[in-house]
Every structure is written in C-alpha cells, then in structure tokens.
1. For the chain, which DSSP H helices look membrane-span-like by this rule: Cα extent along the axis of 30 Å or more and mean Kyte-Doolittle of at least -1.0?
2. Report the relative contact order of the chain, percent, no decimals, based on alpha-carbon pairs under 8 angstrom and at least 6 residues apart.
3. In Å and whole numbers, how far do the C-alpha atoms of the chain stretch along each principal axis, longest first?
4. Can you pick out the pairs among K308/K373; K237/K290; K308/K379; K237/K308 whose Cα atoms lie more than 20 Å from each other?
5. How big is D for the range 246-339, in µm² s⁻¹ as a whole number, if Stokes-Einstein is applied with the Kirkwood radius of its Cα pairs at 10 °C and 1.306 mPa s?
6. Taking the alpha-carbon set of the range 307-370, what are its Rg and Dmax in Å?
7. Placing +1 at every Lys and Arg Cβ and -1 at every Asp and Glu Cβ, with all other atoms neutral, what dipole size does the range 171-219 have around its Cα centre, in debye to the nearest 20?
8. Taking the alpha-carbon distance from K263 and a cut-off under 15 Å, which aspartates and glutamates remain once sequence neighbours fewer than 8 residues away in the same chain are dropped?
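The values are calculated or read from the model by the stated rules, or taken from the named source; none is laboratory data. Keep in mind that what you see is a predicted model, and the values were worked out from it rather than measured. So basically every Cβ, Gly included, is an ideal-geometry build from the backbone, and we count neighbours across all protein chains shown. Side chains are part of the model used for accessible areas, which takes the heavy atoms of the whole protein and leaves out ligands, DNA and RNA. Shrake-Rupley method; radii C 1.70, N 1.55, O 1.52, S 1.80 Å.
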Amino acid sequence: MTMPDPNPHLVKRLHEFGASIFAEMSALAVRTGSINLGQGFPDTDGPTEVLDAAVEAIRGGKNQYPPGIGIPELRHAVASHQRRFYDLEYDPDTEVLITAGATEAIASSMLSLCEAGDEVVCFEPYYDSYAAAIALAGGRRVTVQLRGPDSRFSPEEFEAALSPHTRLILLNTPHNPTGKVFSREELEFVADLAMRHDLLVVTDEVYEHLIFEGEHIPMATLPGMRDRTVTISSGGKTFSATGWKIGWVCAKPDLTTAVRTSKQFITYVSGGPFQYAIAKGLALGDDYFKRIAAEMRAKSDMLSNGLKEAGFEVWRSMGTYYLTTRIEALGHTDGVDFCWTLPELCGVVAVPSVVFYDDKQAGKSLVRFACCKRDEMLKEACRRLAGGLQA
Ligand code: PMP
Ligand code: GLN
C-alpha cells in the first residue's frame with residue numbers, strides 16, 4: 001500500500017489504502033525487466049498430478065457453480081489433511097468452508113465476526129490484507145510489534161493491547177513478512193488470554209508446509225482453543241498455484257456458518273475445477289510435503305547468504321517465502337526509496353517492509369525479499385545485488 005491519492009468516491013473507512021504494494025512492485029519488475037523478489041509467488045509450477053487434475057476437471061465438465069460451501073471432495077480432503085497433520089477433527093459438511101483463497105476467508109471472517117467499532121488485535125508487521133479486511137468491517141486494528149532479528153513480542157504489550165472492545169485476535173503463523181514460526185509457549189500465551197477475555201482467534205496458516213525451523217502448531221490444537229478458533233489456509237503456497245485462489249476455513253459449525261454468510265455474497269463460489277485439483281494435492285504423500293519444505297529451505301539459505309554477501313543484515317527466517325533485511329549497512333535508511341531505486345541500481349525488485357507496519361519508524365529501513373524463485377534466478381539476483389550496491 002502506498003499513500004493513496006485523495007479519492008472523493010472512496011468510502012472513508014478505506015482512505016488509508018492505495019494500490020497494493022505487491023501489484024505495484026510486480027508492475028515495476030515488469031516495466032524495468034528486473035528479477036522480481038517482491039511479490040511472493042513461485043516461478044515454477046506445482047506437482048504434475050495436481051495440474052493434470054485441474055485439466056481433467058475442466059475437460060470433464062466441472063465448469064459450473066460448485067456447491068456454496070465447496071465441493072465435497074475438497075471439504076473431505078481438507079478435513080483429512082487436518083486430521084493427518086494435526087490430529088484435528090472437523091466435520092467436512094458443517095465445519096469446512098471453501099473460499100476464494102485465504103484472502104476471502106480473512107475478509108469474510110472480519111466482515112462476519114467483527115462489529116463496527118470492535119478492536120482486532122494483530123501482530124505487526126502484518127500481511128497487507130489484514131488492515132484492509134478489518135477496515136472493511138469497520139473494525140479498528142490494534143497492533144503488537146514483533147521486534148528485532150528474532151521477531152519477538154512483549155507479553156506485557158500484548159496484554160495491554162486488549163481492551164473491553166477487543167473482539168478477536170488475528171494471528172499468522174508461519175508469519176509473513178518475518179518468517180517467524182510462533183512457538184508453543186507464545187501460542188499458549190495468546191490462547192490463555194483469548195480464553196480469559198472470551199475472544200475469538202482467526203489464524204492464517206497459508207505457509208503451514210513451508211517451515212525450516214521449529215514446527216507448525218495450529219492454534220486450534222491448543223487445549224480449549226478448537227471452538228474459538230477460525231483456522232484459515234489455502235492451496236496457493238503448498239501447491240505453487242497462487243493464481244488458483246482456493247482457500248478454506250475450518251471452525252465449529254456456527255463460526256463456519258457465520259463466515260459463510262458474508263462469503264456467499266462476495267464471490268458466492270469460485271474456482272470450481274481447481275477445487276478438484278487441490279483436493280488431489282492435499283492427498284499427496286508425506287514425501288511431497290517434506291520435499292517442498294526442504295526445497296524452500298535451500299532457497300531461503302541461498303538467498304540469505306547472497307544478501308549477506310551483498311552487505312545486508314538478514315533477520316532469522318524459520319519458514320515462508322520471505323527474508324527481512326536491514327539496509328543501513330549499505331548506506332541506506334529508507335526502504336521505500338531503496339526499493340524504488342533497486343531496479344535501476346541492479347535490476348532486482350524487493351518490497352519495503354514499512355508497508356506492513358503502523359509504526360513507520362520501526363519498518364523504515366527494512367526490506368523484504370522473496371526466495372520462492374528458481375535457483376538460477378536467485379543466483380543471478382545475488383550476483384546483481386553484490387555488484388550494484390556498494391555503499
Ligand atoms: N495470508 C498470507 C500471510 C499471505 O502471505 C497470503 C499471500 N499468499 C495470503 C494470506 C493470501 O492467500 P491467498 O492467495 O490464498 O488468498
Ligand atoms: N502473499 C503475497 C506476498 O506477500 C502476495 C499476494 C498478493 O499479491 N496479494 O508477497
């Protein structure tokens with residue numbers, strides 16, 4: 001998000017939002033012919049079985065509206081996935097809802113669960129759609145900052161962020177943009193407060209299979225949390241198909257029904273044939289899920305080393321596509337200026353992390369790089385950065 005032009009037509013609650021930083025930076029990459037390490041999407045396709053299943057579904061006439069809650073094959077596959085990986089039981093008919101990516105699941109959750117004026121607590125830096133989804137619902141975001149190379153938060157600050165107006169906590173693990181994977185202790189702390197204050201927790205787990213350090217712990221697995229947690233994920237990252245936009249929600253029946261109530265009037269349904277393909281993907285063997293984590297780890301390490309060699313300070317990333325860097329050692333202090341001149345300096349695009357912060361000072365000199373690209377692209381990007389950035 002960059003600062004929007006004042007637009008007399010735009011409702012006030014969206015005044016702070018302009019074009020998404022990802023769209024802007026990808027357009028910059030295309031315009032300048034740069035290597036795009038900005039927007040997080042892979043530059044290779046996912047597994048052949050999954051691609052074939054989509055083609056087969058299209059050829060096989062699965063091209064009309066799927067059921068409002070999603071096709072049974074995918075709802076069953078999501079429920080089986082939650083059982084297989086996390087020992088969580090969800091009824092595929094009443095506790096699983098298929099959405100247009102995690103983005104719609106997040107927006108629908110906010111629209112359905114947050115009253116105008118309610119406060120939503122989330123960590124900052126936060127994924128950009130959170131701020132907009134909360135604003136669409138007329139809610140107010142209250143952030144707790146993750147600080148330093150290990151992205152830690154202060155328990156006191158978190159507790160102080162809660163008020164009688166707090167309605168829910170919006171949590172993302174593994175976390176974009178830091179790559180933090182929340183530990184059991186951290187999640188227990190949040191869970192305990194959620195129970196004591198009778199809050200819902202909406203969790204965004206789209207990077208659940210891209211972890212290099214630690215383990216993914218769904219909030220819903222913690223004692224007492226299943227029935228106050230709305231778990232969101234999607235197939236985009238796990239199957240390298242970010243353009244398909246197949247996401248899902250798992251939650252107890254009345255929460256799922258609540259989320260569906262707004263979802264059904266936003267898209268109603270989407271991605272019919274791709275739902276079949278993601279169902280196929282979720283049933284792939286354990287080796288697939290292990291392999292994608294190992295491959296992403298190697299990419300993350302490669303990019304991290306290259307960035308360090310080019311003079312960046314690189315923060316710890318335990319998972320996801322992303323690495324956070326500091327640019328001061330390179331003689332720069334403003335991530336926005338830096339990212340706009342990076343294509344010219346060395347033909348690489350990255351994202352200024354400040355867009356993920358309310359505290360603009362905290363994010364000012366941070367820049368996010370995405371590692372989900374072919375090895376040769378990463379190597380070339382590192383070569384360009386090392387050659388083009390001497391302070
Ligand atoms: N949450 C996070 C943390 C993300 O990084 C993204 C981007 N993939 C999304 C949600 C959106 O997911 P989807 O593409 O499935 O809508
Ligand atoms: N999740 C992707 C990222 O953080 C971008 C998705 C989008 O462009 N909305 O880069």
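1. 286-309
2. 23 percent
3. Over the chain, Cα extents along the principal axes are 58, 52, 46 Å.
4. From K308/K373; K237/K290; K308/K379; K237/K308, over 20 Å: K237/K308.
5. In µm²/s, the coefficient is 91.
6. Answer for the range 307-370, Rg first and Dmax second: 11.0, 31 Å.
7. It works out to roughly 100 debye.
8. E95, E104, D254
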